[in-house]
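Undergrad: Questions regarding the structure given below will be posed in turn.
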Amino acid sequence: MIRFPKDFLWGAATASFQVEGYVTADGAGDTNWLTYCREPGRVVNDDIPLVGASQYTKYAEDVQLMKSLGIQAYRFSTAWSRIQPTGRGTVNAKGLDYYDRLVDELLANGIEPWMTLFHWDLPQALEDIGGWRNKETPKAFGEFAKIIAEHFSDRVKHFFTVNEISCFTRIAYGGLSKAPGLLLPRKEVNQAVHNGCLAHGYAAQALRAYCKSPVKIGLADNSAAFVPALETPEHIAATKRAFRIENADITTLIREGNYLPEYLEAEGENRPNYDDAELAAIATPIDFHGLNCYSASEVLADDSSPRGYRILPKPASAPRLVANWLYLEPRVLYWAPRLVSELWPVPEIYITENGCACKDHLERDGHVYDTDRIEFLRAYLAQAARAVEDGVPLKGYFLWSLLDNFEWAQGFSQRFGMVYVNYQTLERIPKLSAHFYHQLNSTGVLP
Ligand code: GCO
């Protein structure tokens, strides 16, 4: 029997642009993702989440849904552009009102709000000045964090600064699949990555300075994750080394406050511009480390390579479900928290995203029998339990996602929810996996 501790936190996660719909309602400004969606050919079927899952209007129903599924904490993000339509200056009261309503509804129903300040939807006015390439953007984000701290810290006790720095910087400015979808030279991309880390740092400082009562601060990090191909001491040591070096420009930088020599040497002239004050801000201590964990690369020790490890290519028949990047690697839920806790001790680690897209089918009896998703979750969660068992300070888990939602460049074509959304009627239908999750969170035993 696989059992979790009584106080293990069971949550669900979403993000503003992916679930809210009504992205420009009530004075909200345009965002880079809206611009991206409007460019033909960027998103599958040219989907735009103008209506989407409509949590903006259906939040109260969604809170009841969460309550009925035993969700104890809801990780959601604020759309910066609702609160500051141009990313700077004037506050739009109606934007704050929406998150007030959501937070109050959660609290009234005994669900903890875990607020992410930024999950990729950047005010277009900031994208227009260069977005994350420009250091004005992290500065503006620090100011935004002050607004959030002053307004919400009486009720919200857990804050994430930013979500997945590599996705909104490296992939967004050095690739086509995330807004703004540019292919810039390496130096500019490295600068965007650095500025993303700086945004985390400035926001962490602002939250520390302006929250009115004690809160916990962390980030939702998608470190490149590694697992030892064979679990022997030498391969485990090599994997740990790989974890630190391969994440030199984000996770390692944030947790150590310095770029590793390996990184600086490899990037040479392409290294970003920064100073010591920025490094200090980036390394502002955090209370918890959130890990978004889906897949991983397998590593072997290799004495013939200068770094002492080798990252193995994925075999052609390595198992996946629907998303082409999501190779099944359940052991990531053991090794990522374990290696993070060994490399950079922190009181609390959370899995802040984990889940998968499936080809869910609404049967004629009105149900979705997503036994594939349940198998995925069962395999991954068994590894999370193993981490807890081994003394890793893993304190909770947030399933991605509560609802089917807008899966970025995949549009509505990929469903990650434990609850099915009928996009015509907006009806919510808990899938079999939601019942699995409810059983788990109400007993602490993997069903
Ligand atoms: C993330 C992404 C999520 C995705 C999920 C599935 O934080 O990883 O932001 O928004 O929807 O990861 O791809």
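The values are calculated or read from the model by the stated rules, or taken from the named source; none is laboratory data. Please read all numbers here as calculations on a predicted model, not as lab measurements. Positions of Cβ are backbone-derived with ideal geometry, glycine not excepted, and every protein chain shown enters the neighbour counts. Each accessible area value is taken on the protein alone, full model and side chains, heavy atoms only, with ligands, DNA and RNA left out. Shrake-Rupley method; radii C 1.70, N 1.55, O 1.52, S 1.80 Å.
Undergrad: Is the stretch 166-177 home to any residue that is part of a helix (DSSP H, G or I) and among the aliphatic types (A, V, I, L, M)?
TA: Within the stretch 166-177 (the criterion being part of a helix (DSSP H, G or I) and among the aliphatic types (A, V, I, L, M)), the answer is yes, since at least one residue qualifies.
Undergrad: Which of the following residues is surrounded by 18 or more Cβ atoms within 10 Å (Cβ to Cβ) and in contact with a Ser or Thr (Cβ under 9 Å, 6 or more places away or on another chain): 286, 282?
TA: Selected residue: 286, the only one of 286, 282 that is surrounded by 18 or more Cβ atoms within 10 Å (Cβ to Cβ) and in contact with a Ser or Thr (Cβ under 9 Å, 6 or more places away or on another chain).
Undergrad: Restricting to helices (runs of 4 or more DSSP H) lying wholly in the stretch 78-159: which have 3 or more residues that are within 23 Å of residue 287 (Cβ to Cβ) and in contact with a Lys or Arg (Cβ under 9 Å, 6 or more places away or on another chain)?
TA: Ranges flagged: 93-108, 136-152.
Undergrad: (1) open to solvent by 20 Å² or more (accessible area, probe 1.4 Å); (2) among the β-branched types (Val, Ile, Thr); (3) within 16 Å of the ligand (Cβ to nearest atom): which one isn't true of residue 371, the others all being true?
TA: Answer for residue 371: the failing condition is (3).
Undergrad: Of the conditions (1) outside any helix (DSSP H, G or I); (2) among the β-branched types (Val, Ile, Thr); (3) away from the ligand (no atom under 16 Å from the Cβ), residue 162 satisfies every one except a single condition; which number is it?
TA: Evaluating residue 162 over (1) outside any helix (DSSP H, G or I); (2) among the β-branched types (Val, Ile, Thr); (3) away from the ligand (no atom under 16 Å from the Cβ) leaves (3) as the failure.
Undergrad: Could you tell me which numbered condition residue 216 fails, if it satisfies all but one of (1) surrounded by 22 or more Cβ atoms within 10 Å (Cβ to Cβ); (2) more than 16 Å from the ligand (Cβ to nearest atom); (3) under 22 Å from the mean Cα position of the chain (by Cα)?
TA: Only one criterion in (1) surrounded by 22 or more Cβ atoms within 10 Å (Cβ to Cβ); (2) more than 16 Å from the ligand (Cβ to nearest atom); (3) under 22 Å from the mean Cα position of the chain (by Cα) is unmet by residue 216, namely (1).
Undergrad: Which of the numbered conditions does residue 174 fail, given that it passes all the others? Conditions: (1) farther than 21 Å from residue 75 by Cβ; (2) more than 21 Å from the chain's Cα centre (by Cα).
TA: (2) is the only condition that residue 174 fails.
Undergrad: If you don't mind, another one. Looking only at the stretch 316-337, count every residue that is aromatic (Phe, Trp, Tyr) and under 17 Å from residue 416 (Cα atoms) and tell me the total.
TA: 2
Undergrad: Counting only residues that are within 10 Å of the ligand (Cβ to nearest atom) and assigned to a loop (DSSP other than H, G, I, E, B), which one in the stretch 394-418 is farthest from residue 46 (Cα to Cα)?
TA: Top of the filtered list is 401.
Undergrad: Here's a check for you: in the stretch 338-358, which residue that is within 16 Å of the ligand (Cβ to nearest atom) and closer than 21 Å to residue 73 by Cβ is surrounded by the most Cβ atoms within 10 Å (Cβ to Cβ)?
TA: Out of the qualifying residues, it is 352.
Undergrad: Just checking, which of 360, 365 is modelled with pLDDT of 95 or more, over 25 Å from residue 119 (Cβ atoms), acidic (Asp, Glu) and not in a strand (DSSP E or B)?
TA: 365
Undergrad: From the list 323, 296, 301, exactly one residue is touching a residue at least 40 places away in the same chain (Cβ under 8 Å), among the aliphatic types (A, V, I, L, M) and more than 29 Å from residue 262 (Cβ to Cβ). Which is it?
TA: None of the other options fit; the residue is 323.
Undergrad: Does the stretch 51-65 include one or more residues that are in a loop (DSSP other than H, G, I, E, B), in contact with a helix residue (DSSP H, G or I) (Cβ under 9 Å, 6 or more places away or on another chain) and buried (at least 24 other Cβ atoms within 10 Å of the Cβ)?
TA: Step one: filter the stretch 51-65 for residues in a loop (DSSP other than H, G, I, E, B), giving 51-54.
Filter once more, keeping what is in contact with a helix residue (DSSP H, G or I) (Cβ under 9 Å, 6 or more places away or on another chain): 52-54.
Add one more test, that the residue is buried (at least 24 other Cβ atoms within 10 Å of the Cβ), and what stays is 52-53.
Looking through the stretch 51-65, at least one residue is in a loop (DSSP other than H, G, I, E, B), in contact with a helix residue (DSSP H, G or I) (Cβ under 9 Å, 6 or more places away or on another chain) and buried (at least 24 other Cβ atoms within 10 Å of the Cβ).
Undergrad: Further question on the same structure: So, in the stretch 260-279, exactly how many residues are crowded, with 18+ Cβ neighbours inside 10 Å and not in a loop (DSSP other than H, G, I, E, B)?
TA: Adding up the residues that qualify gives 3.
Undergrad: Also: Give just the number: which of (1) in contact with a strand residue (DSSP E or B) (Cβ under 7 Å, 6 or more places away or on another chain); (2) more than 16 Å from the ligand (Cβ to nearest atom); (3) outside any helix (DSSP H, G or I) does residue 391 not satisfy?
TA: (1) is the only condition that residue 391 fails.
Undergrad: Follow-up question, since we're still on this one. Would you confirm, using the coordinates I've provided, whether residue 176 is closer than 25 Å to residue 36 by Cα, away from the ligand (no atom under 16 Å from the Cβ) and open to solvent by 60 Å² or more (accessible area, probe 1.4 Å)?
TA: yes
Undergrad: Go through the stretch 125-147 and count every residue that is open to solvent by 60 Å² or more (accessible area, probe 1.4 Å) and among the aliphatic types (A, V, I, L, M).
TA: Number satisfying all stated conditions: 1.
Undergrad: Continuing with the same structure: Within the stretch 11-21, is there a residue that is under 23 Å from residue 129 (Cβ atoms), of a type outside the set (A, V, I, L, M) and within 16 Å of the ligand (Cβ to nearest atom)?
TA: So far as the stretch 11-21 goes, yes, one or more of its residues are under 23 Å from residue 129 (Cβ atoms), of a type outside the set (A, V, I, L, M) and within 16 Å of the ligand (Cβ to nearest atom).
Undergrad: Is it fair to say residue 114 is buried (at least 23 other Cβ atoms within 10 Å of the Cβ) and touching a His at 6+ places or on another chain (Cβ under 8 Å)?
TA: yes
Undergrad: Same structure, new question: Filter the stretch 35-50 down to residues that are surrounded by 15 or more Cβ atoms within 10 Å (Cβ to Cβ) and either over 22 Å from the mean Cα position of the chain (by Cα) or closer than 19 Å to residue 76 by Cα (or both), then give me how many there are.
TA: Summing the residues that are surrounded by 15 or more Cβ atoms within 10 Å (Cβ to Cβ) and either over 22 Å from the mean Cα position of the chain (by Cα) or closer than 19 Å to residue 76 by Cα (or both) in the stretch 35-50 gives 1.
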